[in-house]
Amino acid sequence: MHESTRRLVCRSVFVLFCLLPTVGVAIWVGVIRSSVYQSMRCAGWQQELSRQWGLDVTLRAVSHPRRGVTLLDGIRLADPETGAPIAEIRQIEIRDHRDQSVVVAAQPEVQGDQIGRLWEAFHERFLRSGSETAWSAQIHAGELTIHRTDKARSTTLTDVRCLISRAAEGPQASFEFRDVALQMAEPARVRVTRNRQISPPVTRWELDTRGTPLPCSLLAEHLLALRWLGDETTFQGSIDVVQARGGWQGELAGRFRSVDLDRLVTDRYDHKLSGTAEVLLRRARFQDGKLSDAAGDVSCEGGVVSRSLLARADKTLGVAADTRVRALEADMLWRFRQLKFGFEITSQGLQIVGHCQQAGEGVVMTDEYGPLLTDRPQEIAQVVALVQTLATPRGEQVPATAEAYQLLHVLPIPSKDSDRGQVAAPAIFYSPLRMK
């Protein structure tokens with residue numbers, strides 16, 4: 001081969017296999033690192049995530065450090081209608097592992113008053129989605145912070161793990177977590193399943209706190225009833241409920257500790273009742289969003305009660321006030337030593353059994369001088385009597401107030417044959433659910 005021909009061939013090979021690939025790679029690196037390309041990629045991810053979640057999702061940056069791994073930085077979730085912030089996550093790492101995605105979230109922070117909105121998005125987009133594509137994922141977070149509205153308190157959860165999968169009856173998700181402020185030997189567990197094999201489909205919730213009480217403040221911003229119990233209230237037990245078209249139905253059994261009676265009664269009604277109580281619910285069943293029946297025990301070791309509440313309880317609640325209470329006309333505050341009783345509430349009525357045994361059999365409330373309230377073991381009060389006792393200090397009719405409506409909205413509907421008659425013996429308090 002001629003010398004000039006050899007040079008031409010060498011130069012052609014160098015240009016085709018060295019120079020052009022190098023220039024192409026340099027151009028490609030410049031393009032993908034350009035701000036325009038980064039903005040387009042962020043916009044694409046934001047649009048896709050917003051579509052999947054039904055929320056307004058914004059990102060600060062997207063990168064692919066290695067094959068099969070995606071990093072999302074500066075994630076923010078907001079309500080698309082109001083713009084209210086829902087959650088912020090410093091970084092999310094997404095990688096594919098066999099047949100499922102593994103998602104690691106760094107320092108997620110959730111607004112407590114937006115937990116309900118976040119749950120709605122998850123429920124609608126993942127559990128109720130009509131997509132037949134089987135999608136499963138593991139989601140991990142070392143720490144998750146839930147901020148309260150007042151900004152003065154927050155709850156930090158650790159070892160947060162979520163597993164999303166699809167079973168024969170429908171999609172399901174399980175959550176495990178620990179509260180950083182508690183010495184939890186084992187994590188609490190929440191399981192959510194969607195059953196599509198029945199018509200109409202329903203969503204089932206199962207909570208098991210294991211051996212550790214959980215602070216009710218976790219969901220206080222979303223569930224008004226938990227806010228009534230106080231900031232320090234904890235719950236230990238189990239919940240098994242179904243979210244059906246007619247409302248919640250299911251059963252709860254557990255122990256509420258550090259219940260603030262001021263928050264529960266004084267702040268909401270025209271009576272005074274203060275102290276810190278413990279409520280053991282042996283069972284509480286719900287049907288169509290209303291309480292159908294419940295049984296349990298209430299105990300409080302000292303506090304203050306108004307004479308108006310004692311007098312109303314004597315007239316409507318199936319308990320007898322002491323002569324010291326009935327002899328007074330003017331309202332006054334009474335310091336009690338102990339409040340302790342068992343209760344059962346059904347559509348037939350409400351029954352209270354006193355357990356202040358040191359003051360005598362059947363004593364519901366006592367002070368240093370003796371019993372203040374005593375049970376009437378053969379009597380069952382009407383369900384509406386609880387509303388009459390709490391919602392107004394005087395009058396026999398149920399008042400047309402928001403407080404009365406809230407009670408009537410959740411209490412059992414009286415049966416047609418319920419009356420104020422006598423019963424042979426107090427009902428036996430029993431539930432197949434037991435506390436640890």
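The values are calculated or read from the model by the stated rules, or taken from the named source; none is laboratory data. Nothing here was measured: the structure is a model prediction, and the numbers come from that model. Here Cβ is always computed from backbone atoms with ideal geometry, including for glycine, and neighbour counts include all displayed protein chains.
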Exercise. With a cut-off of at least 1 residues that are within 25 Å of L214 (Cβ to Cβ), modelled with pLDDT of 85 or more and among the polar types (S, T, N, Q), name the strands (runs of 3 or more DSSP E) lying wholly within segment 246-352.
Key: 247-260, 276-287, 290-300
Quiz item: For V241, are the conditions met, namely being in contact (Cβ under 8 Å) with a residue 24 or more places away in the chain, buried (at least 19 other Cβ atoms within 10 Å of the Cβ) and not polar (S, T, N, Q)?
Solution: no
Quiz item: Somewhere in segment 223-239, is a residue touching a His at 6+ places or on another chain (Cβ under 9 Å) and either of a type in the set (F, W, Y) or farther than 28 Å from T156 by Cβ (or both)?
Solution: no
Exercise. Pick out, from segment 69-183, the strands (runs of 3 or more DSSP E) lying fully within it that include 1 or more residues that are touching a Leu at 6+ places or on another chain (Cβ under 7 Å) and surrounded by 14 or more Cβ atoms within 10 Å (Cβ to Cβ).
Key: 69-78, 85-97, 109-111, 137-147, 154-166, 171-179
Self-check item: Residue in segment 172-190 that is under 16 Å from I89 (Cβ atoms) and over 15 Å from the mean Cα position of the chain (by Cα) present
Solution: no
Self-check item: Single condition L407 does not satisfy, out of (1) of a type in the set (A, V, I, L, M, F, W, C); (2) at pLDDT 65 or above; (3) within 30 Å of the chain's Cα centre (by Cα)
Solution: (2)
Self-check item: segment 250-269, residues that are surrounded by 18 or more Cβ atoms within 10 Å (Cβ to Cβ) and within 16 Å of the chain's Cα centre (by Cα)
Solution: E251, L252, A253, G254, R255, F256
